[in-house]
Amino acid sequence: MSNDIIHRTAEKIAVLRDHFVQHERFDPLEARFAMLIAKRLSDLTTGRFTEAHGLALSGASGTGKSAAMAHLLDRARQRLVTTQHPDSTIISLRVPSPATLKFLGQTLLRALGYQISSERQAWYIWDLVRHHLRERKVLFVHLDEAQDLASRGTRHELSAVASMLKTLMTDPDWPVGIILSGTPELEEILNHDPQLARRMETLHFSSLSPVANGEDVLDLVENYCQRAGLSATSDIQKLMHGERLIHAAANQFGLVIEVTLAAIEQAYLDKAKSLGKQHFAQAYQLRTACEDAFNPFIIPDFYRIEPRQVFSRGTR
Ligand SMILES: Nc1ncnc2c1ncn2[C@@H]1O[C@H](COP(=O)(O)OP(=O)(O)OP(=O)(O)O)[C@@H](O)[C@H]1O
Ligand SMILES: [Mg+2]
């Protein structure tokens, strides 16, 4: 295969990857976040002090939480510039591991553009965090992979972290809204601390169902084909293909997109004019290194495949 094809394929796939699919679960998320921002901005304008509120988004791995949050925050930042408070900001970071109070504080400081020696004590670090949140006019802090705040290694730190998040939201000088996104274990954090939960709105991205969402996924694939400049063979327009794809993607919306893009990549490398079932089968094989007998795009009884499992071989 020539380098030229590899190069062009990589570029075209990168463009497709940049596209955000506006799914129906995104709209309520955006509407609720817009409301939180509007309340916070109106308090700022009138000089009123009320506690900031936050949002928690949970969903299985690969459902599309990080992608949705990144898109949401991009759009919110663009809108902030047009308000009466154009210098206000939103910051986003991934919860560090281990998620101790001190390490989280340091990571947050770094996200605020401030480095600090790790010898400092947690209370000092968090004082600085609060100072810089106010200075930088940070309205919201988004913590992705928030389930790590409740991971086994840092359980004993959970109460300290939860109470620090509450402190940020209720700071009388500069309340900051907290947005958490992560796998369903993140719900444990809120259940662990009712005072934190009371200040958060919750949203869940549920999994797809092969029966209920088969047609939607076929539309999604069709749409990606159009963007990719490929036609779709008749075998990938049948409802059964939608069901196979959802199952192969462990019922997760984001993974459906990942598998579809991987299939399009195979079609480009094949110099094919249309996207077909064999490209999905190749893509799945590359992702999982499984044998054909474990490939849901090849075998008829595909429901017996465990789609999160990789390296499936006959001996298993
Ligand atoms: N709406 C979307 N439009 C385009 N691509 C998407 C969309 N949602 C998810 N994806 C893609 O699907 C993949 C998985 O999504 P993402 O990383 O957001 O999942 P996640 O829920 O954060 O998973 P994890 O819990 O493992 O972090 C990514 O490659 C992402 O780019
Ligand atoms: Mg993620």
Cα→Cβ-extended label distance, 7 Å offset, between Gln237 and Ala293, nm: 3.5 nm
Starting from the Cα of Asp27, move 7 Å in the Cα-to-Cβ direction to define the label point; list residues of the range 174-208 whose amide nitrogen is under 20 Å from there. 202-208
Just to verify a number: FRET efficiency for Phe311 and Arg79, C-beta to C-beta distance, R0 = 51 Å, to 0.05? 0.65
Tell me, what is the 1.4 Å probe accessible area of Val310, in Å² to the nearest 10? 60 Å²
Say the dipole of the chain comes from +1 at the beta carbon of Lys and Arg and -1 at that of Asp and Glu; which of Ser2, Phe103, Ala56 then lies farthest toward its positive end? Phe103
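From the C-alpha gyration tensor of the range 26-205, pull out the three semi-axes of the equivalent ellipsoid (sqrt of 5λ each), sorted largest to smallest, in whole Å.
Numbers: eigenvalues 105, 85, 45 Å².
With the √(5λ) rule applied to the range 26-205, the semi-axes are 23, 21, 15 Å.
Restricting to DSSP loop positions (anything but H, G, I, E, B) with no more than 16 other Cβ atoms inside 10 Å of their own Cβ, which GluC sites (Glu not before Pro) remain in the range 215-316?
On the way: sites: Glu215, Glu222, Glu243, Glu258, Glu265, Glu291; in loops: Glu291.
Here the sparse-neighbourhood loop sites are Glu291.
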When the convex hull of its Cα atoms is projected in every direction, mean area for the range 208-304 (nm²): 5.4 nm²
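Restricting to DSSP loop positions (anything but H, G, I, E, B) with no more than 14 other Cβ atoms inside 10 Å of their own Cβ, which chymotrypsin sites (Phe, Trp or Tyr not before Pro) remain in the range 18-64? Walk me through the intermediate numbers first.
Working: sites: Phe20, Phe26, Phe33, Phe49; in loops: Phe20, Phe49.
Answer by residue number: Phe49.
Carbon and sulfur together cover what percent of the accessible area of the range 223-314 at a 1.4 Å probe radius? The partial results should precede the final answer.
On the way: 2100 of 4170 Å².
That fraction is 50 percent.
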Roll a 1.4 Å probe over the protein heavy atoms and report the accessible area of Arg48 in Å², nearest 10. 130 Å²
In the chain, with Lys and Arg counted as +1 and Asp and Glu as -1 at Cβ, which of these residues, Gln22, Leu41, Thr260, has the Cα nearest the positive end of the dipole, that is, farthest along it? Leu41
For Arg198 paired with Ser118, estimate the spin-label separation in nm (one decimal), with each label point 7 Å from Cα along the Cα-to-Cβ line. 3.7 nm
Excluding same-chain pairs closer than 8 in sequence, count the lysine pairs in the chain whose Cα atoms lie under 29 Å apart. 19
Rank His85, Met200, Ile13 by how far each Cα sits towards the positive end of the charge dipole of the chain (+1 on Lys, Arg Cβ; -1 on Asp, Glu Cβ) and give me just the farthest. His85
How large is the Kirkwood hydrodynamic radius of the chain, counting all unique pairs of alpha carbons, in Å? 21.7 Å
Extension gain from Thr45 to Ser207, taking 0.36 nm per residue of separation minus the Cα-Cα distance: 54.3 nm
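Loop-only check: which trypsin sites (Lys or Arg not before Pro) in the range 270-306 are DSSP coil with at most 11 other Cβ within 10 angstrom? It would help to have the intermediate numbers written out before the result.
Details: sites: Lys271, Lys273, Lys277, Arg287, Arg304; in loops: Lys271, Lys273.
When the trypsin sites (Lys or Arg not before Pro) of the range 270-306 are filtered for loop state and at most 11 Cβ neighbours within 10 Å, Lys271, Lys273 remain.
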Kindly provide the helix-only [θ] at 222 nm of the chain, computed as the sum of -39,500 (n - 2.57) over DSSP H runs of four or more divided by all residues, to the nearest 500 deg cm²/dmol? -16500 deg cm²/dmol
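What does the charge count around Gly254 come to, taking other residues whose C-beta lies under 13 Å from its C-beta (Lys +1, Arg +1, Asp -1, Glu -1)? Walk me through the numbers on the way to the answer.
Working: positive: Arg17, Arg25, Lys65; negative: Glu258.
Surrounding charge for Gly254 is +2.
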Rounded to the nearest 10, the angle in degrees between the Cα long axis of helix 210-228 and the longest principal axis of the Cα atoms of the chain comes to 80 degrees
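The values are calculated or read from the model by the stated rules, or taken from the named source; none is laboratory data. All figures in this text were calculated on a predicted structure; none of them were measured in a lab. Backbone-built Cβ (ideal geometry, glycine too); neighbour counts: all protein chains shown. Heavy atoms of the whole protein, side chains included, go into the accessibility calculation; ligands, DNA and RNA do not. Shrake-Rupley method; radii C 1.70, N 1.55, O 1.52, S 1.80 Å.
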